[in-house]
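First comes the structure, then the notes that go with it.
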Amino acid sequence: MSLLTQRNTRSATRHSERPAMQIGIIGAGNIGGNLTRRLTALGHKVSVANSRGPHTLTALAEETGATAVPVAEAARDAEIVIVAIPVKAVPDLPAGLLGEAADGVAVIDTGNYYPRERDGRIAEIEDEGITESRWTQRRLGHPVIKAFNGTYAQDLLDGPRPAGDPERIAVPVAGDDEEAKRKVRALIDDLGFDTVDAGGLDDSWRQQPGTPVYGLRAGVEGVTKALAEASPDRSPEFRG
């Protein structure tokens, strides 16, 4: 971990006044792994899982203090669940995954649909024109909030800034459940980023791959402008 990362992590820990939460993270790749690092540093109790089993997460658990668990147990008692896996893997998640989560659990979907590179063609997305996160929500049977899908994983470690910092990056957040969205936006603020309300889940096409905001490192004004400039037409490279 760089000195900058250590400084930002300590700063975020000092300025967070909200109570610690139980958070489940499914997926320990670049995004899931770095969210595990940041959220444990903020004092949250994190359970992390991946498709290969908890024995493959020993190093991450020892580094962060997170608890490595099977996927079926990742959401147990969780107030927030973060799904950070490839879109094509969502249907393979255990049935009833959220059944033991805390009441009012907020579910964050960080996923992106890459039909040519990874996921193959998904008919509902292509033919019905639904958003990627609407498709994920149908699979999970629970409302989701789309966030972090266009965030660089390294920025989760090196990018946090205190509120009011002119260099603070903003993250677009879309979803239909306003209470869940509020909870997610508060968590992102604790992580050291601003947020922009990107509308309901059917508006989340504005932050899908190929849009102006995807991968954009900008503040609230820049992110708001980029969301407004997005086109609903999926670019050819992101069609199956």
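For segment 186-202, name all the residues that are closer than 20 Å to residue 36 by Cβ and either open to solvent by 10 Å² or more (accessible area, probe 1.4 Å) or hydrophobic (A, V, I, L, M, F, W, C) (or both).
Within segment 186-202, 186, 187, 188, 189, 190, 191, 193 meet the criteria.
Go through 75, 49 for me and flag whichever is small (Gly, Ala, Ser), touching a residue at least 40 places away in the same chain (Cβ under 8 Å) and buried (at least 17 other Cβ atoms within 10 Å of the Cβ).
The unique qualifying residue is 75.
Does any residue of segment 85-96 turn out to be under 19 Å from the mean Cα position of the chain (by Cα) and closer than 27 Å to residue 194 by Cβ?
yes
Of all residues in segment 19-38, how many are open to solvent by 10 Å² or more (accessible area, probe 1.4 Å), in contact (Cβ under 8 Å) with a residue 12 or more places away in the chain and not in a helix (DSSP H, G or I)?
Qualifying residue count, segment 19-38: 5.
Could you look through segment 218-237, keep only residues that are modelled with pLDDT of 95 or more and touching an Asp or Glu at 6+ places or on another chain (Cβ under 9 Å), and pick out the one that is most open to solvent (accessible area, probe 1.4 Å)?
So, considering only residues that are modelled with pLDDT of 95 or more and touching an Asp or Glu at 6+ places or on another chain (Cβ under 9 Å), the one most open to solvent (accessible area, probe 1.4 Å) is 220.
Of the residues in segment 52-72, how many are of a type outside the set (S, T, N, Q) and open to solvent by 50 Å² or more (accessible area, probe 1.4 Å)?
Count: 8.
Please find, among 132, 167, the residue that is closer than 20 Å to residue 213 by Cβ, acidic (Asp, Glu) and buried (at least 18 other Cβ atoms within 10 Å of the Cβ).
132
Do we have any residue at all in segment 184-192 that's in contact with a Gly (Cβ under 9 Å, 6 or more places away or on another chain), closer than 27 Å to residue 92 by Cα and either aliphatic (A, V, I, L, M) or in contact (Cβ under 8 Å) with a residue 12 or more places away in the chain (or both)?
Among the residues of segment 184-192, at least one is in contact with a Gly (Cβ under 9 Å, 6 or more places away or on another chain), closer than 27 Å to residue 92 by Cα and either aliphatic (A, V, I, L, M) or in contact (Cβ under 8 Å) with a residue 12 or more places away in the chain (or both), which makes the answer yes.
Return yes when residue 159 is surrounded by fewer than 24 Cβ atoms within 10 Å (Cβ to Cβ), small (Gly, Ala, Ser), in contact (Cβ under 8 Å) with a residue 24 or more places away in the chain and farther than 20 Å from residue 208 by Cα and no when it is not.
In short, yes.
Please indicate, with yes or no, whether at least one residue in segment 203-217 is open to solvent by less than 20 Å² (accessible area, probe 1.4 Å), farther than 25 Å from residue 88 by Cβ, modelled with pLDDT of 95 or more and assigned to a loop (DSSP other than H, G, I, E, B).
No: zero hits.
The values are calculated or read from the model by the stated rules, or taken from the named source; none is laboratory data. Every value quoted in this text rests on a predicted model; they were computed, and no experiment measured them. Positions of Cβ are generated from backbone atoms using ideal geometry, with glycine treated the same way; all protein chains shown enter the neighbour counts. For the accessible areas, the whole protein counts, side chains as well, though only heavy atoms, and no ligand, DNA or RNA atoms are used. Shrake-Rupley method; radii C 1.70, N 1.55, O 1.52, S 1.80 Å.
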